[in-house]
Amino acid sequence: MFKKNTKSIISKSLVILMIIMTLLSYMPAGISPLIKNAEAAEDDSINNLINEAIKNNCESYMSGTPVDVQWGNFSSYDIYILAKAGTNFINFKYEGLSLAERAEILIDETIANEGTPASSNSKRVAQDYITAEILGETEKAAVLLNILKDRQKESGEFDQGDYTIYNNLPAYDLLARSDVLTKSGISIDNAVIYILDNQDTTGAWPWPTEFNDFMVTNQAVRVLKAAENYSTVTPSAIQSAIDSGVTWLKSNQQDDGSFVAGYDDAVTDTSEMIYTLIKLGENPMELKSSKGNSSTDFMMKGAYINGSFGNVTSTTWALDAYMQLKAIGFTGGENNSDSGTDKPVISPTETFKVNVAVIGKDGEVIYGPRKVSVSSSDKYGATALGALDVTGLDCKIIDIDGLFVKEIDGQENEGMSGWMYAVNGKVPSVSASLKAINKGDEILWWYSTSAMGKAPAWPDSSTGGTIVTNPNPTMNDLVVAVIDTEKRISFDDVDDSLSWARDAIEILAGNGIIDGTGSGFEPHRSITRAEFIKIIVKALNLETKEASGDLFDDVDESEWFTDFIECAFENKIIAGDPDGKFRPNDVISRNEIAVILSRIIDKEKLLENYDLWYQDTEDIPEWAEAGVKFALKANLMKGYEDNSFKGTQPLTRAEAAVVIYRYLTNNF
């Protein structure tokens, strides 16, 4: 172990480092956050807080937070928790790559570096393993699991050396979490003995006392609990270690119900404790401070402050805690929080009918639409997964600290393609096993193979296995074109100097959404109002009809753009000028484009409490403000390096192509 003077220096250094990191976590991130008052958070339900946590981390990624496993940045574990919550990573990209794609880069690095001086520590290997599993990368997951198996020593360590317990215990905990610890061939006895040998006399981990760590102690308790029935170590020794560890953990509860040890982050420590209590079969609501507050009180009222849970790490831990609580029936409502005798809400047995349809990878209707009966007493309860189960379809459901559909009717997830679900046309932010459903709901499962990620239209049982779209779409039911990224048309004047726009231009052209001009593509020319409206109509897959030419004074029926303009007007995408003109040949401004984009979907939820932060915000006219907010919030448009929006400036044809491409590859 360490010499005393070394321990003292390290201990003081850790304290200073923790203080610095805590301060850094509250420094401005360089962009205006979504402001939400702390008082308002008190009324948030578990679902709302889950959504806020997902949104915060996805926005953090899109604003440039690295995926590099450094403290406060993203690791594969953060991506695992987002995946567990049902996040559609296709919708959140930075520099052209989604979070899932970044995770795969980490996974590939770990595999490639094994056995070299750059080998990853066991914690990262285990994080990459569970992430590979949940992303459907089963072959890579098997490689990573074998790395851990090969590394385990008779002493129980994966990694050896000072501080490696901070890698070894998380690795064991992650294996227990993924339910493979006792099935992988890893020695359970060696793991248990290693953990027992490193427990301090206080009951905490690791040894010695001045390095006691709240997170590692939680991990040790959970691993011992998972291993107790699979080890030849005396059961009383394991139980005694668990009991003393839990006693130490509980001694760190604060007046507000949170748990904090030393200079730790309250959200992270409290989230860890909630997970541990649930694993031990204890109710987090019943463990209260001297002031009568529980950990759930803190998570509902004190974790989410001014639109933030802290940095990426604390947000991930909060998201995990909320999902753990939701899984035991806690909602955050009045039924959960009044007295120390409250139990998690368990719904009484109820049977009702819902509508189910399943669409395969080629657009074929595999099942339904038809009514099925679901019950809270079913295998998967009255959930979206339960509705799928009662159809009788041949399904493979995997359990990776949560239930996920891997295959339906012989069609298995592959890479980033796979089964998704929607309830009443909306894609939930939680896994199907956690999504409660109600009488009359429409539950649609479909195999997603495109970059769109949007739920297809509800199939008509009379179509004989084809998907029908609404022939008269409203603004809440517009049918966007599904783009095939393999189809491309190139232009001589779109070369490598336009690499930032080349894919968008060529793919949109290949899909018939955007056209050349007869003189190439003319990427640097400002796009006209008529040209942009034509692109919008094609992108939305709207049906045009023979135009009358009498809507606008300056739009004659003989013009090439008249059909498109009248179609956009009928669908309330455009309104024209007060003087009865449309100005089809004028260039279109950034303000005008933002407003048009905001009219084609229900944007209210996206704009809630969203503030503009550009230096020229005051120059944005009132009629364009909501549209600009939407375009920025949805990441369809961006500002300039001088922190301005320049709303009156026109867009070039290349810039317009990128905006439309972003819209088509976004999921609202």
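The values are calculated or read from the model by the stated rules, or taken from the named source; none is laboratory data. Fair warning: this is a prediction, and the values are worked out from it, not measured in the lab. Here the Cβ positions follow ideal geometry from the backbone for every residue, glycine too, while neighbour counts run over all protein chains shown. Accessible surface areas use protein heavy atoms only, side chains included; no ligands, DNA or RNA. Shrake-Rupley method; radii C 1.70, N 1.55, O 1.52, S 1.80 Å.
When N counts the residues of region 519-650, how does its alpha-carbon radius of gyration compare numerically with 2.2 N^0.38 Å, as a ratio?
Values: Rg = 15.6 Å, N = 132, 2.2 N^0.38 = 14.1 Å.
Working it through for region 519-650, the quotient is 1.11.
Checking the table LYS153/LYS326; LYS288/LYS379; LYS301/LYS633; LYS123/LYS225; LYS426/LYS629 against a 31 Å threshold on Cα-Cα, which pairs fail? Don't skip to the answer; put the middle values down first.
Values: LYS153/LYS326 38 Å; LYS288/LYS379 33 Å; LYS301/LYS633 26 Å; LYS123/LYS225 19 Å; LYS426/LYS629 22 Å.
LYS153/LYS326; LYS288/LYS379, as the Cα separations exceed 31 Å there.
What value in Å³ per residue do you get for the convex hull of the alpha-carbon atoms in region 155-305? Present the calculation step by step, with values, prior to reporting the outcome.
Numbers: hull volume 17.4 nm³, N = 151.
So the per-residue Cα hull volume is 115 Å³.
Which residue, chosen from SER251, ALA142, PHE158, occupies the Cα position most advanced towards the positive end of the dipole of region 117-265, where the dipole is computed from +1 (Lys, Arg) and -1 (Asp, Glu) charges on Cβ about the Cα centre?
ALA142
Heavy atoms only, 1.4 Å probe, whole protein assembly: order CYS58, CYS395 by accessible area, highest first. Display every interim value, and only then the final one.
On the way: CYS58 0, CYS395 35 Å².
Of CYS58, CYS395, the descending order of accessible area is CYS395, CYS58.
I want to verify the translational diffusion coefficient of region 170-211 in µm²/s; compute it with Stokes-Einstein, Rh as the Kirkwood radius over Cα pairs, at 10 °C and 1.306 mPa s.
For the chosen part, D equals 141 µm²/s.
From a point 7 Å beyond the Cα of GLU412 in the direction of its Cβ, which residues of region 351-366 have a backbone N at a distance under 19 Å?
Inside the label zone: 360-362.
Enter the accessible area of MET62 (Å², nearest 10), with the probe set to 1.4 Å and all protein chains included.
It works out to around 40 Å².
Please list the three semi-axes, largest first and in whole Å, of the ellipsoid equivalent to region 355-398, using sqrt of 5 times the eigenvalues of its alpha carbon gyration tensor.
Details: eigenvalues 77, 31, 10 Å².
Listed largest to smallest, the semi-axes of region 355-398 are 20, 12, 7 Å.
Please report, to two decimal places, log10 I(q)/I(0) for region 366-426 at q = 0.23 Å⁻¹ as given by the Debye formula with identical point scatterers on the Cα atoms and no solvent.
Here log10 of I(q) over I(0) equals -1.14.
On the full set of protein chains, 1.4 Å probe, figure out the accessible area of VAL260 and give it in Å² to the nearest 10.
Per-residue accessible area (VAL260): approximately 30 Å².
Which sequence of TRP500, TRP446 reflects their accessible areas, 1.4 Å probe, from the largest down? Don't skip to the answer; put the middle values down first.
Values: TRP500 140, TRP446 15 Å².
These residues rank, largest area first, as TRP500, TRP446.
Using all C-alpha to C-alpha distances in region 202-263, build P(r) with 5 Å bins and read off the rounded percent in each one.
Reading the bins upward from 0: 4, 19, 27, 22, 16, 7, 4, 1, 0.
Send over the per residue convex hull volume for region 501-563, Cα only, as a whole number of Å³. Each step should come with its number before you reach the end.
Details: hull volume 6.5 nm³, N = 63.
Output value, Cα hull per residue: 104 Å³.
Leaving ligands, DNA and RNA out of it, work out the accessible area of GLU114 with a 1.4 Å probe and give it in Å² to the nearest 10.
Counting only protein heavy atoms, GLU114 exposes about 60 Å² to solvent.
Based only on Cα atoms, what mean projected area does the convex hull of region 525-602 have, in nm²? Before the final figure, lay out each step's value.
On the way: hull surface 20.7 nm².
With every direction weighted equally, the projected area is 5.2 nm².
Diagonalise the Cα gyration tensor of region 136-192 and give the resulting equivalent ellipsoid semi-axes, square root of 5 times each eigenvalue, largest first, whole Å.
Numbers: eigenvalues 71, 30, 24 Å².
Rounded to whole Å, the semi-axes are 19, 12, 11.
Normalised by the empirical 2.2 N^0.38 Å for globular proteins, what value does the Cα Rg of region 52-202 take?
On the way: Rg = 16.0 Å, N = 151, 2.2 N^0.38 = 14.8 Å.
With N residues counted in region 52-202, Rg over 2.2 N^0.38 Å equals 1.08.
Treat each spin label as a single point 7 Å out from the Cα along the C-beta direction, and report the THR648 to SER240 distance in nm.
Each label point is offset 7 Å from its Cα along the Cβ direction, giving 8.1 nm.
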